[in-house]
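**Student:** Submitted below is the structure of interest, expressed as structure tokens.
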Amino acid sequence: MGQVPGKARAVVIGGGVSGCSVAYHLAKAGWTDVVLLERKQLTSGTTWHAAGLIGQLRGSANMTRLAKYSADLYVKLEAETGVATGMRQVGSISVALTEHRREELLRQATVARIFGVDVAEISPSQVKEMYPHLNVSDVVGAVHLPLDGQCDPANIAMALAKGARMRGAQIFEHTKVIGVRQAGGRVTGVDYVSAEGEPGFIAADVVVNCGGMWGRDLAAQSGVTLPLHACEHFYLITEPVEGLGHLPVLRVPDECAYYKSDAGKMMIGAFEPKAKPWGMEGIREDFMFDTLPEDWDHFMPILENAMNRMPLFQTSGIHTFFNGPESFTPDDRYYLGEAPELRGYWIAAGYNSVGIAGSGGAGMALASWITEGEPPFDLWEVDIRRAQPFQRNRAYLKERVSETLGLLYADHFPYRQVVTSRGVRRSPLHAHLEARGAVFGEVAGWERANWFAKPGQEREYRYGWKRQNWFGNQRDEHLAVRNGVGLFDMTSFGKIRVEGRDAMAFLNRVCSAEMDVPVGRIVYTMILNERGGIEADLTVTRLSETAFLLVVPGATLQRNLALLRRALGEEFAVITDVTAGEAVLCVMGPKARDLMRAVSPDDFSNAAHPFGMAREVEVGMGLARAHRVTYVGELGWELYVSTDQAAHVFEALEEAGAGLGLTLCGLHTLDSCRIEKAYRHWGHDITDEDHVLEAGLGFSVSKRKASFVGREAVLRKAEAGLSRRMVQFRMEDPDVMLFHNEAIVRDGKIVGPVTSGNYGHFLGGAVGMGYVPCVGEGEAEVLASTYEIEVAGVRHRAVASLVPMHDPKSERVRA
Ligand SMILES: Cc1cc2nc3c(=O)[nH]c(=O)nc-3n(C[C@H](O)[C@H](O)[C@H](O)COP(=O)(O)OP(=O)(O)OC[C@H]3O[C@@H](n4cnc5c(N)ncnc54)[C@H](O)[C@@H]3O)c2cc1C
């Protein structure tokens, strides 16, 4: 090791597989001036003891893309660096012991196929042929991925480190970062203690926290939220088993277990339903290549199943019982990206036990993001900006990760809700809704009524891949919105106030639509990036000459705040999160006007209160700001009510609505209604990689404004023509369900994933949306094709439309 330099373009903290991959990919992108600092030795945290499974089957399109990138990279790494990575494409088999699981595996296989991953369904007897040691008597289905593999995790990291060094990166072991310095909201470098115990400083504009389970506390020192917590993770290795041979990796998620054969021994690892959080008192300073104590009682249920599943476990001796810590996150997804709190502070951590399989792709994606200033494709699923400040709370994390470890191998049913660490963020109407049958789900910590149980009905989800137990409740709520009037509590909307002398000029620069509108006007707009991709979609309401209210989804609030704060230049404007100040009650449906008239003396006619306007109204004995907008495609008002008056306004609406059949509605109904109307949902249908014109949202882009972010990309696309279009689909067979990530099949060929899906109770079948390639084609040609949607390997006919199937001319909305 040479001398630690005083300056670098980027400093990577942590020499596990994550840090090594980030350094490798930055170096590969031409950043020769990269320094990686590791407090002990490379791989000595979690990486050295990983099981080394490299799987490509993931629940979503872009996660599959990243996993495939890792697998492809690791195959080539040995030839490139000369480090033996142990990477062998032994293939993998995932078996299902239930029909539910079989459906999930087949759905994942469809997602994998969209990205060209080699995957096939195989029968139990084929499983037995490939895996003679396995008891397949109760196996109901399986998938095989011939190019999945297994590797030596430490050597993957070492190979990445060598590849980084070969391109000029410098790596220093026994060099601990003790702080990240900042000035003016930007990182300026890191303080470290060298191998010799000497303090030092490296000036750098880019710092990447790849600190694994140390990452949270390291980030907290800099005011950065990185919610992760370590859990104990177990595996066991047998003594050599005669005639074991080379076997594919095997996953039996219904028994929480994975198996790997290596050097004649068999390994079994576990994702047990209730995990053991670890490190609550902090991590010992001398932690290096450490293991945690055995816990046979904890592992025994898994081993008992294994003895039945693979009888060789009954006779073979135990060579190793391994227990090591790994970091887990509240939603089982890792974190990538720049911290919203501090410019230049990047993160790649919290890998939830897929860090080896994940780091290759994640390192590539992060390096590209750092270099280009934008992610290479939509990474919202793993974006650090989804983390909520409250999630720093360690009691919350400890309880939640005891669940998330096991969720990795649980059935990933649609609408599945977490059960731990609930109730942190509640609407002021929570108790009211609960008393009226609400069944809650959680998003960004918010408890939200997802559906309302009938009197006497159990208030639990019964999950499945077909119609779930709340299907009928959703239908009743949905039809009430279409035929009568429904009431939604949307308090979880993120609310951002932008005010000041230059607020209008600032918003006009960052938003695609015209912001210089009369006071009271509500504008639906995009925030675009320079590629014309959609960073955010939001409504902006002009409250006064100098104040605007921005309304965004609750889940994207932190991201949107960060976007705005980053975008603010010399303009004088103050950006404040005012989410908690107002509850939001949405009165929606053809009878919405009757209800408003019954609770308020104000005039709700089109003339007095047209669509797209907000104004103060009296409700009961309180006040609200009524926004005439809708996300369900009906006449309606969103009532923004000061939280102290929310309960009163709710009660007034409820009382007045009794005679009108007012129906309480949940978030599932909001979603099914908006899909019928083909309203896009950010994070699903529209993301930063989706061009606003291809998303069919050109109407939200001002034709008159001379300049705003993304304008040139809009003009270029308008000139060049669309290469894909957002299409809405309705299934012909009313029994087929769409949840999203099914495959769109055009004239017999898979062309992309369904970006969102739900049941269109008014249209009479499942409805989905997704992009269809259309280079050189007009609308008529796109619609002339036949369309099917592949669900769990079976193709079903679908009707396609380029205009909303519900209320195409918005006559109901403007009624
Ligand atoms: C039992 C077990 C089995 C697993 N099996 C698999 C598998 O089959 N497939 C798979 O994909 N994943 C698997 N994993 C998960 C995988 O091992 C991890 O996700 C991955 O190693 C995490 O890598 P990392 O670089 O984020 O963290 P680490 O490897 O922990 O690296 C973080 C590094 O940062 C260093 N560091 C921390 N603070 C500082 C500081 N202040 N200054 C300098 N350095 C610092 C630490 O010393 C450490 O070396 C398994 C994990 C376990 C526990």
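**Student:** Looking at the structure I just gave you, is L160 within 16 Å of the ligand (Cβ to nearest atom), at pLDDT below 95 and not basic (K, R)?
**Tutor:** no
**Student:** Okay, next question. Could you tell me whether R186 is modelled with pLDDT under 95, open to solvent by 20 Å² or more (accessible area, probe 1.4 Å) and under 30 Å from the mean Cα position of the chain (by Cα)? It would help to see each step written out before you state the result.
**Tutor:** Values: modelled with pLDDT under 95: no; open to solvent by 20 Å² or more (accessible area, probe 1.4 Å): yes; under 30 Å from the mean Cα position of the chain (by Cα): yes.
Spelling it out, it is not the case that R186 is modelled with pLDDT under 95, open to solvent by 20 Å² or more (accessible area, probe 1.4 Å) and under 30 Å from the mean Cα position of the chain (by Cα).
**Student:** Could you check the range 751-776 and list, in sequence order, the residues that are more than 16 Å from T110 (Cβ to Cβ) and surrounded by fewer than 18 Cβ atoms within 10 Å (Cβ to Cβ)?
**Tutor:** G764, P773, V775, G776, listed by residue number.
**Student:** Sticking with this structure for a sec: Would you mind stating whether S70 is hydroxyl-bearing (S, T, Y), farther than 25 Å from L236 by Cα and within 16 Å of the ligand (Cβ to nearest atom)?
**Tutor:** In short, yes.
**Student:** Residues that are at positive phi and away from the ligand (no atom under 12 Å from the Cβ): list the strands (runs of 3 or more DSSP E) wholly contained in the range 176-235 that include at least 1 such residues.
**Tutor:** 186-193
**Student:** Further question on the same structure: In the list V424, V401, which residue meets the criterion of being touching a His at 6+ places or on another chain (Cβ under 9 Å) and of a type in the set (V, I, T)?
**Tutor:** Within the list V424, V401, the selection yields V401.
**Student:** Something else: Taking the condition buried (at least 20 other Cβ atoms within 10 Å of the Cβ) and either modelled with pLDDT under 95 or farther than 19 Å from D72 by Cβ (or both), does G337 pass? Step through it out loud before you land on a result.
**Tutor:** Working: buried (at least 20 other Cβ atoms within 10 Å of the Cβ): yes; either modelled with pLDDT under 95 or farther than 19 Å from D72 by Cβ (or both): yes.
Yes: the conditions hold for G337.
**Student:** Condition (residue is among the β-branched types (V, I, T), at negative phi, within 15 Å of the ligand (Cβ to nearest atom) and touching a Pro at 6+ places or on another chain (Cβ under 6 Å)) applied to the range 127-139: is it met by at least one residue?
**Tutor:** Scanning the range 127-139, I find no residue that is among the β-branched types (V, I, T), at negative phi, within 15 Å of the ligand (Cβ to nearest atom) and touching a Pro at 6+ places or on another chain (Cβ under 6 Å), so the answer is no.
**Student:** Please work out which one of (1) open to solvent by less than 30 Å² (accessible area, probe 1.4 Å); (2) under 24 Å from N741 (Cα atoms); (3) more than 16 Å from the ligand (Cβ to nearest atom) is the condition P376 fails and give its number.
**Tutor:** Of the numbered conditions (1) open to solvent by less than 30 Å² (accessible area, probe 1.4 Å); (2) under 24 Å from N741 (Cα atoms); (3) more than 16 Å from the ligand (Cβ to nearest atom), the odd one out for P376 is (1).
**Student:** Which one of R165, R88, R101 is more than 30 Å from G752 (Cβ to Cβ), at pLDDT 95 or above and either under 27 Å from the mean Cα position of the chain (by Cα) or basic (K, R) (or both)?
**Tutor:** The conditions single out R165.
**Student:** Identify, please: which residue in the range 734-750 is without any contact (Cβ under 8 Å) to a residue 60 or more places away in the chain and assigned to a strand (DSSP E or B) and is, among those, surrounded by the most Cβ atoms within 10 Å (Cβ to Cβ)?
**Tutor:** I744
**Student:** Right, another one. Taking only the range 307-329 into account, find how many residues are in contact (Cβ under 8 Å) with a residue 40 or more places away in the chain and away from the ligand (no atom under 16 Å from the Cβ).
**Tutor:** 8
**Student:** Anything in the range 277-286 that is away from the ligand (no atom under 12 Å from the Cβ), surrounded by 10 or more Cβ atoms within 10 Å (Cβ to Cβ) and assigned to a loop (DSSP other than H, G, I, E, B)? List them, or say none.
**Tutor:** Selection gives M280 alone.
**Student:** I would also like to ask the following. For the range 517-529: of the residues being touching a helix residue (DSSP H, G or I) at 6+ places or on another chain (Cβ under 6 Å) and not β-branched (V, I, T), which is surrounded by the most Cβ atoms within 10 Å (Cβ to Cβ)?
**Tutor:** If we take residues in the range 517-529 being touching a helix residue (DSSP H, G or I) at 6+ places or on another chain (Cβ under 6 Å) and not β-branched (V, I, T), then M526 is surrounded by the most Cβ atoms within 10 Å (Cβ to Cβ).
**Student:** Another question, if that's okay. When you check W451 against the structure, is it in contact with a helix residue (DSSP H, G or I) (Cβ under 6 Å, 6 or more places away or on another chain) and open to solvent by 10 Å² or more (accessible area, probe 1.4 Å), yes or no?
**Tutor:** Judged against the criteria, W451 is not a match.
**Student:** Select from the range 543-570 the residues that are assigned to a strand (DSSP E or B), among the aliphatic types (A, V, I, L, M) and in contact with a helix residue (DSSP H, G or I) (Cβ under 8 Å, 6 or more places away or on another chain) and list them in ascending order.
**Tutor:** A547, L550, V552
Results for (1) surrounded by fewer than 21 Cβ atoms within 10 Å (Cβ to Cβ); (2) within 27 Å of the chain's Cα centre (by Cα); (3) part of a strand (DSSP E or B), shown as yes or no for each residue.
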| position | (1), (2), (3) |
| --- | --- |
| E689 | yes, yes, no |
| A695 | no, yes, no |
| K703 | yes, no, no |
| V709 | yes, yes, no |
| E719 | yes, no, no |
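**Student:** Got at least one residue in the range 288-311 being surrounded by fewer than 16 Cβ atoms within 10 Å (Cβ to Cβ) and of a type in the set (F, W, Y)?
**Tutor:** Yes: one or more hits.
**Student:** Residues in the range 81-129 that are more than 14 Å from V252 (Cβ to Cβ), touching a residue at least 60 places away in the same chain (Cβ under 8 Å) and aliphatic (A, V, I, L, M): how many?
**Tutor:** Within the range 81-129, residues that are more than 14 Å from V252 (Cβ to Cβ), touching a residue at least 60 places away in the same chain (Cβ under 8 Å) and aliphatic (A, V, I, L, M) number 10.
**Student:** Next up: Looking at (1) farther than 30 Å from S137 by Cβ; (2) touching a His at 6+ places or on another chain (Cβ under 8 Å), which is the only condition P293 fails?
**Tutor:** Result: P293 fails condition (2) only.
**Student:** Right, something else. Is it true that G282 is farther than 30 Å from R394 by Cα and at pLDDT below 95?
**Tutor:** In short, no.
**Student:** Restricting to the range 26-54, what's the tally of residues that are within 14 Å of the ligand (Cβ to nearest atom) and touching a Ser or Thr at 6+ places or on another chain (Cβ under 6 Å)?
**Tutor:** Initial filter on the range 26-54 (within 14 Å of the ligand (Cβ to nearest atom)): 35-54.
When the remaining residues are screened for being touching a Ser or Thr at 6+ places or on another chain (Cβ under 6 Å), the result is 37.
The number of residues fulfilling the criteria is 1.
Okay, residues lined up against (1) touching a Gly at 6+ places or on another chain (Cβ under 7 Å); (2) open to solvent by less than 10 Å² (accessible area, probe 1.4 Å); (3) at pLDDT 95 or above:
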residue	(1), (2), (3)
Y192	yes, no, yes
I202	yes, yes, yes
D205	yes, no, yes
W214	no, no, yes
T225	no, yes, yes
T238	yes, yes, yes
V252	no, yes, yes
Y259	no, yes, yes
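Yes/no per residue for (1) among the hydroxyl-bearing types (S, T, Y); (2) open to solvent by less than 40 Å² (accessible area, probe 1.4 Å); (3) farther than 22 Å from S605 by Cα:
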site: R628; (1), (2), (3): no, yes, no
site: L639; (1), (2), (3): no, yes, no
site: T643; (1), (2), (3): yes, no, yes
site: A646; (1), (2), (3): no, yes, yes
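**Student:** Got a number for residues in the range 304-341 being touching a Lys or Arg at 6+ places or on another chain (Cβ under 7 Å) and of a type in the set (A, V, I, L, M)?
**Tutor:** Adding up the residues that qualify gives 0.
**Student:** Tell me which of these V252 doesn't satisfy, since it passes every other one: (1) under 23 Å from P124 (Cα atoms); (2) free of Cβ contacts under 8 Å to residues at least 40 places away in the same chain; (3) more than 12 Å from the ligand (Cβ to nearest atom); (4) among the hydrophobic types (A, V, I, L, M, F, W, C).
**Tutor:** Of the numbered conditions (1) under 23 Å from P124 (Cα atoms); (2) free of Cβ contacts under 8 Å to residues at least 40 places away in the same chain; (3) more than 12 Å from the ligand (Cβ to nearest atom); (4) among the hydrophobic types (A, V, I, L, M, F, W, C), the odd one out for V252 is (2).
**Student:** Would you say A607 is more than 25 Å from A678 (Cβ to Cβ), crowded, with 23+ Cβ neighbours inside 10 Å and without any contact (Cβ under 8 Å) to a residue 60 or more places away in the chain?
**Tutor:** When the stated conditions are applied, A607 does not pass them.
**Student:** Hey, another quick one. Find the residue count for the range 757-793, including only residues that are in contact with a helix residue (DSSP H, G or I) (Cβ under 6 Å, 6 or more places away or on another chain) and of a type outside the set (A, V, I, L, M, F, W, C).
**Tutor:** Count: 6.
The values are calculated or read from the model by the stated rules, or taken from the named source; none is laboratory data. Please read these numbers as outputs of a predicted model, since none were measured by experiment. Positions of Cβ are backbone-derived with ideal geometry, glycine not excepted, and every protein chain shown enters the neighbour counts. Each accessible area value is taken on the protein alone, full model and side chains, heavy atoms only, with ligands, DNA and RNA left out. Shrake-Rupley method; radii C 1.70, N 1.55, O 1.52, S 1.80 Å.
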